[in-house]
Each structure stands twice: as structure tokens, then as C-alpha cells.
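Colleague: This is the structure I have questions about; it appears just below.
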Amino acid sequence: RLAARPAGVRGAGLAARAAAVLRGNDTGVMVRAAPHLYPHQWSWDAAFVSVGLAHLDPGRACAELDHLFRGQWRTGMLPHIVFDPDETTYFPGPDRWGCAEVTDDAPVAPRTSGICQPPVQALAVERIVTLAERRGPGAAARVRAWLPGAYRRLLAWHRYLVRERDPLRTGLLAIHHGWESGMDNSPRWDGPYSRVAVRPDLAPYRRRDTRVVRDPAQRPTHLEYDRYLSLVAELRGARYDDARIRVTTSFLVTDVLASAVLAAASDALAGIARSLGAGEVAELEEHAERFRTGVAGSVDAGLGLALDTDLRTGEPLRAETAAGFAPLLCGGLGATAEREMVALLRSERWTGHPGLRHAVLPSTSPASPAFRPRAYWRGPSWPVVDWLVVWMLGRRGRADVAGPLRRAVLDELAGGSFAEYHEPFTGEPLGSAAQSWTAAAALDLLL
Ligand code: 9WN
């Protein structure tokens, strides 16, 4: 796969510490996304975490995804949060979502949120199979025995996305809340959020996140939270019915990153289907092709990045964020266009910016007016995003691009705090420490 590991004592020490983070965040049935800030199971976190776990114990990796699958809706949707019933310190919790209270599509137990996140799970399963095979026949057999059940869950999940989030077959997924992108306050969503009115009847609430991360500049603002919660009230009012939401919701945008993840994940799922002798290979390959084409078609000639679209206004969302490199994750650009995008990635607007502590990909371009170096998805570098880019480039045979990025992320992670994100000019760890997916990133990037 990718070129030589940096390893040595530093690598072994980092891996041991990363393993300790995952063990420390493990409740026994699931791994918390972070010990204090995010004490439940998040959907795309669980996928990343399961890859980290596969380096330690492939059976535990499968169990992590099984826990997520227990929250799957009748529609096939994997919810963005599966709540730990014993944990009450996160807001908004299950009562605010009230999913099973308003729709029979949601499970009564475990309780879940009513939205989803980018579909990384099939990619995680593909990787778990590879890691188990590398480990030996016992681990491989165990994962193989688990695979058919997981495949049915993933097929229902992908079919949900294709059916409900792209009914017009454009090759781009629509999302109903910024939380669905996993990049909550990214400048990608500033325009659409400016059109979300804070409900006058918004039930009062107390944030918990700013009690854990004491510097409010690192978290979304109060106005942003008012809008997030107003949208939750709106979605709940629509009984989480996608057909109704498509017509009524005040936030409806395409998400190029989630679409690229779906394209790559559909390739992975088609490979799994083939290995199982399942009948849906052609269907899954068609999904992959459709979304790859949709993502490649969203590249803006001026910015050189793939852009989301506000489906309420029809306008492209002209933000310079890491999500704009979505085509590098799934392919689909011609050779010249891909070369240009790689050049942009290496340029001073991105990983080649002279001020960066490490040559990683900040969440927003430091050369963009929207860039804020400490503000969550508005500028900090997120190791999990860099890992995703490295991993997907590796899958596509682009080790030449992935290699330097991988070494830069490992340098950024060398401090061993496994922070949620970093100030990109100083490398200072920000947000939550001991974030599970950051530990998983370290484990996977080291090997
Ligand atoms: C809201 C758990 C999640 C990640 C998201 C990240 C953050 C939640 C929050 O934490 O979102 O879903 O409370 O801010 O933005 O990507 O999955 O790590």
C-alpha cells in the first residue's frame, strides 16, 4: 500500500497511546466519540473507530458497527447518534429529538437522533476485512462469518441514501441539517444558515459543549446553535419524513463530500457483494458511477474545487473548504483536471501554505477570507479528515499524493493528545482531547 512507515520507538509509542485512548473510551458496548464532549456513539465516528479497533481486535471492530446497526431506522437510515441510555451530559439528547415519539420508522431502543452523517461504513468494513486477513486465518474467518449480516445493513443504508437523498438521480446527496455533513459550522453552510430563521417558539436549552471546551471561540456561536436547534424542531415537526422535509425544510443543500464518500463506499460495497456472491453488484456499481459523476461535475472552474449547491436558491456555495477536494476521494476527474486539483492541494492556498506548522489540509483555506484558525470547522486541521483523504487516495493508487500528507498528519499527531482538531499555524491541539477517531487515525496511518 503506502510507502514506508515512520515507525521506530515514536511510532510504537504513539500506537500504544492511541490504543489506550480507544480502550479508555470503550463503555463495553460502544466507544464514545470523545470521553466528555461526545459521550455517545456517532455514525461516521463509529466507522472510523471500527478501523482503529480492527488494528487491535477485529471482533471488537465488528461489534462496534453492530452497535450502530442496532440504531438503524426502518427506512435504512443509520442515525448520526446512537445514544447511551446511561449518559445525560450531552445536548441535544434523545428527548429533544423525540424520534420514536413522532415516527414508527425510528427504533424505540436504542434511542437515536433523526438525521444521518457521511456513509463511511462500507469503506470501514472493506478495511476491517483486509486487516483481519492480514492478522491471520482465525480473525479472517470471524469477520467473514459476520460479513453477510453487515452487508444487508449496509445495502439498506445505501439504498436509503440513494432513494431519499437523491430522488432525482443527480449523483449528489442532499442534506437537511449542517450536522449531517459532519462539518457543522463550515463556511460551506453560512449562506443557507443565514436563511434559517430562529423559531420564536424555540424551547429554551442549555448548551453542554461550552462547559467542556472552555474557550467559546473553538465552538459554534450561540446564534449558530439557535439555528441548529430550530432545524431540529422543524425536522421533528415534519416527523422526520424525508418526502415532507424535501418540500418544507428551510435548509436543503447538496453535500459533495458525503456524495464522494457514497461513491467510494458503493465501490467498496460492490466488492463486498461480489465476494459474498450477492445479487446487487450491478446496482451498487451504478450508484458508484452516478455519484462519482455528480461529484466530478460540481467542480467550479474558478476556484478549482467541488462546490455544494443550495437547493432552495439553486446557487453554488462558493466556500474554499477541504470538502472541495471531494473528487480526489472517489475519482471521476479526467487526468488533466485531477492534476490541476492535486496542484491546488499542494499550493500555498492549501497544504503548501508557508505559515502551516505541518503540511496538512486545514478545514478552510488559510488564504480564504472565511478562515478562522481556532474556530472548529472554519480553519483548524482535523486529523480525521486528513486520514480520510490519505486513505481514499491510497485506495485509488495515488500513494504519491497520499504519502507526504500521511507523514504530515503523523507529525501533527506526535504530541499524543489525540485532539479533535489543531490550530494549523501553531499545531496547538484544540477541541476535545482523546478523541476516538483521532486515535483510530493514528493507528491506521502508522501501519
Ligand atoms: C454534532 C462527534 C461529532 C462529529 C462531527 C463534529 C461534532 C457534534 C457536535 O462531533 O458534531 O453532531 O456536538 O458538535 O462536527 O463531525 O461526528 O465527534
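Colleague: With the checklist (1) modelled with pLDDT of 95 or more; (2) surrounded by fewer than 22 Cβ atoms within 10 Å (Cβ to Cβ) in hand, flag the one item residue 258 doesn't pass.
Modeller: Here residue 258 clears every test but (2).
Colleague: Look at the stretch 160-181 and say how many of its residues are part of a loop (DSSP other than H, G, I, E, B) and under 22 Å from residue 194 (Cα atoms). Step through it out loud before you land on a result.
Modeller: Taking the stretch 160-181 first, the residues part of a loop (DSSP other than H, G, I, E, B) are 166-173, 176-177.
Adding the requirement that they be under 22 Å from residue 194 (Cα atoms) leaves 173, 176-177.
Residues in the stretch 160-181 being part of a loop (DSSP other than H, G, I, E, B) and under 22 Å from residue 194 (Cα atoms): 3 in total.
Colleague: With respect to residue 70, is the statement that it is within 13 Å of the ligand (Cβ to nearest atom), among the charged types (D, E, K, R) and at pLDDT 95 or above true? Outline the logic, then answer.
Modeller: On the way: within 13 Å of the ligand (Cβ to nearest atom): no; among the charged types (D, E, K, R): yes; at pLDDT 95 or above: yes.
The answer is no for residue 70.
Colleague: If you don't mind, another one. Can you find even one residue in the stretch 298-319 that is of a type in the set (S, T, N, Q) and within 23 Å of the chain's Cα centre (by Cα)?
Modeller: Of all residues in the stretch 298-319, those of a type in the set (S, T, N, Q) come to 298, 309, 313.
Next, only the ones that are within 23 Å of the chain's Cα centre (by Cα) stay: 298, 309.
Taking every residue of the stretch 298-319 in turn, at least one turns out to be of a type in the set (S, T, N, Q) and within 23 Å of the chain's Cα centre (by Cα).
Colleague: Out of (1) open to solvent by 60 Å² or more (accessible area, probe 1.4 Å); (2) farther than 30 Å from residue 131 by Cβ; (3) modelled with pLDDT of 95 or more, what's the single condition that is false for residue 233?
Modeller: With respect to (1) open to solvent by 60 Å² or more (accessible area, probe 1.4 Å); (2) farther than 30 Å from residue 131 by Cβ; (3) modelled with pLDDT of 95 or more, residue 233 is out only on (1).
Colleague: Any residue at all in the stretch 269-288 that is polar (S, T, N, Q) and under 30 Å from residue 378 (Cα atoms)?
Modeller: Keep residues of the stretch 269-288 that are polar (S, T, N, Q), which gives 275.
Retained after the next criterion (residues that are under 30 Å from residue 378 (Cα atoms)): none.
There is no residue in the stretch 269-288 that is polar (S, T, N, Q) and under 30 Å from residue 378 (Cα atoms).
Colleague: Failed condition for residue 209, given (1) among the charged types (D, E, K, R); (2) within 16 Å of the ligand (Cβ to nearest atom); (3) surrounded by fewer than 18 Cβ atoms within 10 Å (Cβ to Cβ), with all others met?
Modeller: Condition not satisfied by residue 209: (3).
Colleague: Restricting attention to the stretch 50-64, which residues are touching a Leu at 6+ places or on another chain (Cβ under 8 Å) and not in a helix (DSSP H, G or I)? Working first, answer last.
Modeller: Narrowing the stretch 50-64 to residues touching a Leu at 6+ places or on another chain (Cβ under 8 Å): 50-56, 58, 60-61, 64.
Selection gives 55, 56.
Colleague: Residue 112 fails exactly one of the following numbered conditions: (1) touching a residue at least 40 places away in the same chain (Cβ under 8 Å); (2) more than 14 Å from the ligand (Cβ to nearest atom). What is the number of that condition?
Modeller: Of the numbered conditions (1) touching a residue at least 40 places away in the same chain (Cβ under 8 Å); (2) more than 14 Å from the ligand (Cβ to nearest atom), the odd one out for residue 112 is (2).
Colleague: Can you tell me how many residues in the stretch 283-336 are in a helix (DSSP H, G or I), within 30 Å of residue 272 (Cβ to Cβ) and open to solvent by 50 Å² or more (accessible area, probe 1.4 Å)?
Modeller: Step one: list which residues in the stretch 283-336 are in a helix (DSSP H, G or I), which gives 283-296, 322-330, 335-336.
Checking which are within 30 Å of residue 272 (Cβ to Cβ) leaves us with 283-296, 322-330, 335.
Add one more test, that the residue is open to solvent by 50 Å² or more (accessible area, probe 1.4 Å), and what stays is 283, 285-286, 289, 293, 335.
Looking only at that region, the number is 6.
Colleague: Taking the stretch 50-74, which residues are charged (D, E, K, R), open to solvent by 30 Å² or more (accessible area, probe 1.4 Å) and closer than 13 Å to residue 143 by Cβ? Reasoning before the result, please.
Modeller: Applying the first criterion (charged (D, E, K, R)) to the stretch 50-74 yields 57, 60, 64, 66, 70, 74.
Still in the running and open to solvent by 30 Å² or more (accessible area, probe 1.4 Å): 57, 60, 66, 70, 74.
Across the stretch 50-74, the qualifying residues are 57, 60, 66.
Colleague: Scan the stretch 378-393 and give yes if some residue there is open to solvent by 10 Å² or more (accessible area, probe 1.4 Å) and of a type in the set (Gly, Ala, Ser), otherwise no.
Modeller: no
Colleague: Whether any residue in the stretch 120-143 is farther than 16 Å from residue 232 by Cα, in a loop (DSSP other than H, G, I, E, B) and in contact with a Pro (Cβ under 7 Å, 6 or more places away or on another chain) is what I want to check. Steps first, please.
Modeller: So the first thing to find is which residues in the stretch 120-143 are farther than 16 Å from residue 232 by Cα, and the list is 120-143.
Within this subset, residues satisfying the condition of being in a loop (DSSP other than H, G, I, E, B) are 120, 136.
Then drop every residue that is not in contact with a Pro (Cβ under 7 Å, 6 or more places away or on another chain), which leaves none.
The answer is no; no qualifying residue exists.
Colleague: Scanning for something more than 15 Å from residue 444 (Cα to Cα) and within 16 Å of the ligand (Cβ to nearest atom), does the stretch 16-25 turn up at least one residue? Spell out how you get there, then give the answer.
Modeller: Step one: filter the stretch 16-25 for residues more than 15 Å from residue 444 (Cα to Cα), giving 23-25.
Narrowing further to those that are within 16 Å of the ligand (Cβ to nearest atom): 24-25.
So far as the stretch 16-25 goes, yes, one or more of its residues are more than 15 Å from residue 444 (Cα to Cα) and within 16 Å of the ligand (Cβ to nearest atom).
Colleague: Within the stretch 26-44, which residues are open to solvent by less than 30 Å² (accessible area, probe 1.4 Å) and either touching an Asp or Glu at 6+ places or on another chain (Cβ under 8 Å) or among the hydrophobic types (A, V, I, L, M, F, W, C) (or both)?
Modeller: Kept after step one, since they are open to solvent by less than 30 Å² (accessible area, probe 1.4 Å), are these residues of the stretch 26-44: 30-31, 33-34, 37-44.
Answer for the stretch 26-44, where residues must be open to solvent by less than 30 Å² (accessible area, probe 1.4 Å) and either touching an Asp or Glu at 6+ places or on another chain (Cβ under 8 Å) or among the hydrophobic types (A, V, I, L, M, F, W, C) (or both): 30, 31, 33, 34, 37, 38, 39, 40, 41, 42, 44.
Colleague: Then there's this: Give the number of residues within the stretch 389-447 that are within 16 Å of the ligand (Cβ to nearest atom), part of a loop (DSSP other than H, G, I, E, B) and aromatic (Phe, Trp, Tyr).
Modeller: Going through the stretch 389-447 one residue at a time, the tally reaches 1.
Colleague: When the stretch 431-447 is examined, which residues are found to be in contact with a Lys or Arg (Cβ under 9 Å, 6 or more places away or on another chain) and buried (at least 24 other Cβ atoms within 10 Å of the Cβ)?
Modeller: The first filter runs over the stretch 431-447 and keeps only residues in contact with a Lys or Arg (Cβ under 9 Å, 6 or more places away or on another chain), leaving 431, 436, 439, 442, 444-447.
Result: 436, 439, 442, 445.
Colleague: For residue 155, indicate whether it is of a type in the set (A, V, I, L, M) and closer than 26 Å to residue 437 by Cβ. Walk me through it before giving the result.
Modeller: Values: of a type in the set (A, V, I, L, M): yes; closer than 26 Å to residue 437 by Cβ: yes.
For residue 155, the condition - of a type in the set (A, V, I, L, M) and closer than 26 Å to residue 437 by Cβ - is met.
Colleague: Residues 100, 47: which one is surrounded by fewer than 24 Cβ atoms within 10 Å (Cβ to Cβ) and assigned to a helix (DSSP H, G or I)?
Modeller: On the way: 47 fails: surrounded by fewer than 24 Cβ atoms within 10 Å (Cβ to Cβ).
After applying the criteria, what remains is 100.
Colleague: So, in the stretch 75-94, of the ones that are away from the ligand (no atom under 16 Å from the Cβ) and not β-branched (Val, Ile, Thr), which residue ends up least open to solvent (accessible area, probe 1.4 Å)?
Modeller: Start the filter on the stretch 75-94 by keeping residues that are away from the ligand (no atom under 16 Å from the Cβ), which leaves 75-76, 85-86.
Narrowing further to those that are not β-branched (Val, Ile, Thr): 76, 85-86.
Values: 76: 2, 85: 116, 86: 136 Å².
Among them, the one singled out is 76.
The values are calculated or read from the model by the stated rules, or taken from the named source; none is laboratory data. As the structure is a computational prediction, the values presented were derived from the model and not from experiment. Note that each Cβ is placed from the backbone with ideal geometry, even for glycine, and that neighbours are counted across all protein chains shown. Please note that ligands, DNA and RNA were not included when accessible areas were found on the heavy atoms of the full protein model with its side chains. Shrake-Rupley method; radii C 1.70, N 1.55, O 1.52, S 1.80 Å.
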